[in-house]
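For reference, the structure is listed below as C-alpha cells.
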Amino acid sequence: MKVHYLGAPYASRAHSLCDDMVRSIRAEHLANVKENYVDIAYTALVCEHGSVFEGRGTHRRTGANGSQALNEQDYAVCALLGSKGMTVPTDAMLNGLVDAIEWLRRSGDAGNWVGGHRDGYATACPGDQLYAWVEQGAKRPAGVKTPTPPPGIYVVRAQDTIAAIARRLNVSWQELAVVNGIKAPYTIYPEQQLHVPGKPVLEIPPFPGEDAFVIGRRHPAVVELDACLIAKGFTRNHDGNGYQKGPLFTEYTRRNVADFQRATAELRSDPDGYPGPLTWKLLHS
Ligand SMILES: [Zn+2]
Ligand SMILES: [Zn+2]
C-alpha cells in the first residue's frame, strides 16, 4: 500500500463537507483527459475526522502511483491533507488510515508493506509530516485522550443510528431529531455532537483575557480552567498529588492545556498551553 496526500492547499472543514470533497476529486479525475481515468484514481480516501471513503476499492488497479507498474503493485490510499493549510494529520486521520490499511489487508489481499507515494517515484507526496508517520511504521496514534464530552452532549460513534442513540439515551428519536435540527433522511456522522433532549447545555463563560493565565499568578478564571481540564480528562501533569482545581496557573496547568490543544484539531498548530479565546471556548464545548 502507498499513502498519498492531496498535494494542493487544503483547509480543515466540517465532516459534512468531506464526502463532497471526495466527489469533487472524483469529478476532477474523470475530467482529466490526459490520464483518461475510468474512476477516482485512489483505492480509498481518509478525512481528518477518521472516516474512510471507498475509492476504486479492493482488487482494482489504482491510477495514483505514477506508473502502470506501480499501479499494479500497490493500492493507493489518499489522506485529505494539504501541501498548504492543513498539513499535519490529525490522530483521527491516522486512525482512519490504519482502518483503511487493515481493510485492504482483510478484504483486498494487500501485503504488509506500507510506503509513501514518494517511495520509488519522484514526488513530494505524501508530504513530510505524513511520510514521517509512514516511516515510523504507520501505527495507530497512542497516548492522546479523546476529550470527554460535557453533560448534555452525546458524541456520535461509528455505526450509530438516530434510533439506536435515542434508545441508549432513553428519549424518543423524534425528539432527538427535533432538538438537533436533523430532518429526513436523518443523516448523522461520527464525532457529531448531539444535544441530549431535556439536559441543559452549559453556558460558556466569557473569555477572561490572556492576563488571567500567567505562570505563577492567581486568577479566579484558573479555577474554571482547571474544572474544564479535569472534566475533559487532561490532567496527566501534576505535582504528584493528582491534578486539583485552584486559582494558581502553574507549569502543570500550562502543560495540561497544551495536551488539550494538541488533541484538538483546531488548536494543534500552536499548542503553547496558554488559553486564548478559542481554547477557552473549546474547553467549554
Ligand atoms: Zn500521491
Ligand atoms: Zn471528515
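Using R0 = 45 Å, the C-beta based FRET efficiency linking Ala227 and Ile188 works out to 0.95.
At a Cβ-Cβ separation cutoff of 4.7 angstrom, cysteine residues of the chain with no neighbouring cysteine are Cys78, Cys125, Cys228. On a C-alpha basis, how far is the centre of segment 63-103 from the centre of segment 1-49 in Å? Whole number, if you could? If you average the Cα positions of each part, the centres end up 10 Å apart. Note that the chain, at 4 °C in a medium of 1.567 mPa s, gets a Stokes-Einstein diffusion coefficient of 61 µm²/s from its Kirkwood radius over C-alpha pairs.
The residues Lys2, Lys84, when put in order of fewest to most other Cβ atoms within 10 Å, stand as Lys84, Lys2.
Sorting 43-49, 191-197, 90-96 by their mean Cβ neighbour count within 10 Å, with the most densely packed peptide first, gives 43-49, 90-96, 191-197.
Taken about its Cα centre, segment 2-135 carries a charge dipole of about 240 debye when Lys and Arg each add +1 at the Cβ and Asp and Glu each add -1 at the Cβ. Taking every C-alpha pair closer than 8 Å and separated by at least 6 residues, the mean separation divided by the residue count of the chain gives a relative contact order of 15 percent. The simple Förster model, with R0 at 35 Å and r as the Cβ-Cβ distance, assigns Ala8 and Leu248 a FRET efficiency of 0.15. With contacts taken as Cα pairs under 8 Å at a separation of at least 6 residues, segment 2-135 carries a relative contact order of 33 percent. How many angstrom lie between the Cα centre of segment 221-250 and the Cα centre of segment 105-124? Each part's Cα centre sits 43 Å from the other's. Between Ile153, Ile162, Ile101, the residue with the greatest mean-square fluctuation in the GNM of the chain (Cα pairs under 10 Å linked by springs) is Ile162. Note on segment 210-283: with charges restricted to the Cβ of Lys and Arg (+1) and Asp and Glu (-1), its dipole about the Cα centre is near 180 debye. The charge dipole of the chain, taken about its Cα centre with unit charges on the Cβ of Lys, Arg, Asp and Glu (plus for the first two, minus for the last two), comes to roughly 400 debye. Helical content of the chain, expressed as a calculated mean residue ellipticity at 222 nm, amounts to -9500 deg cm²/dmol (DSSP H runs of 4 or more residues, -39,500 (n - 2.57) each, divided by residue number, nearest 500).
Which one, Phe213, Thr250, Gly240, projects farthest toward the positive side of the charge dipole computed for segment 210-283 from Cβ point charges (K/R +1, D/E -1)? Of the listed residues, the answer is Gly240.
Read-outs: derived from the displayed coordinates by stated rules, not from any lab. Remember, it's a predicted structure, so these values are computed and weren't measured experimentally. Positions of Cβ are generated from backbone atoms using ideal geometry, with glycine treated the same way; all protein chains shown enter the neighbour counts.
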